[in-house]
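As structure tokens, the structure follows; a few thoughts come after it.
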Amino acid sequence: MFESEFARTEYIEKDNVVFHVWKKEAHFDDYRKPVEASLKMLREHENSIFIVDARNGFEDVKEDVEWGFSYFLPELKKTGCTIWGFILPEVSDIEGEIDLWTKEIEKNFHVIRATSYDAVIELAASK
């Protein structure tokens, strides 16, 4: 498990999920360290599902988006992960940010958007 003031990441064995929860806005190292922790867990648990609870999400700075697209997503693909779940309210204050990420993520992963962890798991089971 990884925990900082910005995020928490844990592996949930029964669902084969790496679960990343954003607690508050983070940028640069405060953003990348939790994401790296998730990536480490995804490498340790090949073919797991990656679920991001983005209900406390935020707009990423340009540098973090570039890092995410050029480094994180290619590394994530190497783990065998094929499903990325987003936990969000029905309407989010960060729709533009989510759309930006979803368009890039969908190039290599199946994206599931739901309002709860259990809903993501249920939808993933049908894939």
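The values are calculated or read from the model by the stated rules, or taken from the named source; none is laboratory data. If you're wondering where the values come from, they're calculated on a predicted model, not measured in any experiment. Please note: Cβ atoms are built from the backbone with ideal geometry, for glycine as well, and neighbour counts cover all protein chains shown.
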Worksheet item: Mind checking whether some residue in the range 89-99 is under 23 Å from ALA26 (Cβ atoms), in contact (Cβ under 8 Å) with a residue 40 or more places away in the chain and outside any helix (DSSP H, G or I)?
Response: yes
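What are the residues in the range 1-55 that are of a type in the set (Val, Ile, Thr), buried (at least 17 other Cβ atoms within 10 Å of the Cβ) and within 24 Å of ALA125 (Cα to Cα), if any? Full working, then the answer.
Taking the range 1-55 first, the residues of a type in the set (Val, Ile, Thr) are 9, 12, 17-18, 21, 35, 49, 51-52.
Among the residues that remain, those that are also buried (at least 17 other Cβ atoms within 10 Å of the Cβ) are: 9, 17-18, 21, 35, 49, 51-52.
Answer for the range 1-55, where residues must be of a type in the set (Val, Ile, Thr), buried (at least 17 other Cβ atoms within 10 Å of the Cβ) and within 24 Å of ALA125 (Cα to Cα): THR9, VAL17, VAL18, VAL21, ILE49, ILE51, VAL52.
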Worksheet item: Of the numbered conditions (1) at pLDDT 95 or above; (2) surrounded by fewer than 16 Cβ atoms within 10 Å (Cβ to Cβ); (3) in a helix (DSSP H, G or I), TRP67 satisfies every one except a single condition; which is it?
Response: (2)
Worksheet, complete the sentence: By residue number, the members of the range 76-100 that are at pLDDT below 90 and of a type outside the set (Ser, Thr, Tyr) are PRO89, GLU90, VAL91, ASP93, ILE94, GLU95, GLY96, GLU97, ILE98, ASP99, LEU100
Response to the item:
Note: among ASP15, ASP29, just one is modelled with pLDDT of 95 or more, touching a helix residue (DSSP H, G or I) at 6+ places or on another chain (Cβ under 6 Å) and among the acidic types (Asp, Glu), namely ASP15
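Scan the range 31-48 and give yes if some residue there is among the aromatic types (Phe, Trp, Tyr) and within 20 Å of TYR117 (Cβ to Cβ), otherwise no.
Scanning the range 31-48 turns up no residue that is among the aromatic types (Phe, Trp, Tyr) and within 20 Å of TYR117 (Cβ to Cβ).
Does ASP15 count as of a type in the set (D, E, K, R) and in contact with a strand residue (DSSP E or B) (Cβ under 9 Å, 6 or more places away or on another chain)?
The answer is yes for ASP15.
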Item to complete: Write out, first by first residue and then by second, each pair whose Cβ atoms fall under 9 Å of each other, whose residues are 6+ apart or on separate chains, and whose first residue, in the range 64-77, is farther than 20 Å from HIS45 by Cβ while the second is among the acidic types (Asp, Glu).
Response: VAL65/GLU97; VAL65/GLU104; GLY68/ASP60; GLY68/GLU104; PHE69/GLU104
Worksheet entry | Counted residues, the range 2-27 - those being in contact with a Phe, Trp or Tyr (Cβ under 9 Å, 6 or more places away or on another chain) and farther than 18 Å from THR79 by Cβ | 9
